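The values are calculated or read from the model by the stated rules, or taken from the named source; none is laboratory data. As the structure is a computational prediction, the values presented were derived from the model and not from experiment. Positions of Cβ are generated from backbone atoms using ideal geometry, with glycine treated the same way; all protein chains shown enter the neighbour counts. What goes into the accessible areas is simple: the full protein's heavy atoms, side chains included, and nothing from ligands, DNA or RNA. Shrake-Rupley method; radii C 1.70, N 1.55, O 1.52, S 1.80 Å.
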Amino acid sequence: MDSSTLKSHSPYKRGADWGAWFGIYLSVLFFVTSYSVSSPVCALIGLLMIIGVPPCIYFMLRKSYVSDNGTTIFSSLWMEGISIFFFGGLIASIVAMIYMRWIDPTFFDSRIDTLIDMYSSMDMQQAQDAADMLTAARDQKLLPKPIELTVDMLWLIVFSGSILSMLISWLVQLTKVAPRVHNQKK
């Protein structure tokens, strides 16, 4: 996204544009964290990607702030951040739903089975209790369906993104933007 595109749009439009890219990031994060239970490499990549969310959002909001020559008000930056998380989360939720519903319908059940096996192999009483609870929930068909998981995922992304965007919007405005000097021919 170039500066002229950023300058001409509302925070909602900017958030939607950045949200498309952020949705790809969150979709990759979904797959990486989903397989982190069975792969230490995925766990490390997932952790790094989670840590990378605030700098990524800072970059996006700062680019908008600079393109507006440092005149963007706090609430506009905050709304842009919320929009980034909403549209990005929407994309990631749709990707997760399609994957869990049609591509790998056993995805969630296999993750629960892996967790039950992991907790059962531990010697701690709390782990055994967690394994028993998950087994009972699975056997009684009390586990959430893919659509419920994806809606919850979207709510989590938007809520946590709203709080994070508030903090990052404040940080973006801490560093002032040098005024642009326009060259005029005489």
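Of note:
- Protection proxy ranking of 50-60, 123-133 - average other beta-carbon atoms within 10 Å, highest first: 50-60, 123-133
- Between VAL37 and PHE74, the simple spin-label model (points 7 angstrom out along Cα→Cβ) gives 4.2 nm.
- Dipole magnitude of the chain, debye to nearest 20 (Cβ charges: Lys/Arg +1, Asp/Glu -1, about Cα centre): 1480
- Gain on full stretching of the segment that runs from LEU143 to SER162 - 0.36 nm per residue minus C-alpha separation: 4.1 nm
- Taking all Cα pairs closer than 8 Å and separated by 6 or more residues, the relative contact order of the chain comes to 31 percent.
- Within the range 60-96, backbone nitrogen closer than 16 Å to the virtual label 7 Å beyond the Cα of VAL177 toward Cβ: 60-81
- Considering all different alpha carbon pairs of the range 44-161, the Kirkwood hydrodynamic radius works out to 17.1 Å.
- Accessible surface of the range 22-105, 1.4 Å probe, proportion on carbon and sulfur as whole %: 79
- The mean accessible area for residues of the chain, using a 1.4 Å probe and ignoring ligands and nucleic acids, is 61 Å² per residue.
- By the combined test of axial Cα extent (at least 18 Å) and Kyte-Doolittle hydropathy (mean at least 1.6), the qualifying DSSP H helices of the chain come to 74-98.
- Peptide packing: for 101-113, 22-34, the average count of neighbouring Cβ atoms within 10 Å per residue gives the ranking 22-34, 101-113, highest mean first.
- Among ILE163, THR150, MET124 - extreme Cα towards positive end, dipole of the chain, charges at beta-carbon: ILE163
- When the charge dipole of the chain is built from unit charges on Cβ atoms (+1 for Lys and Arg, -1 for Asp and Glu) and taken about the Cα centre, the candidate among GLY46, TRP102, PHE59 whose Cα reaches farthest toward its positive end is PHE59.
- In a simple Cβ point-charge model (Lys, Arg +1; Asp, Glu -1; nothing else charged), the range 70-178 has a dipole of about 560 debye relative to its Cα centre.
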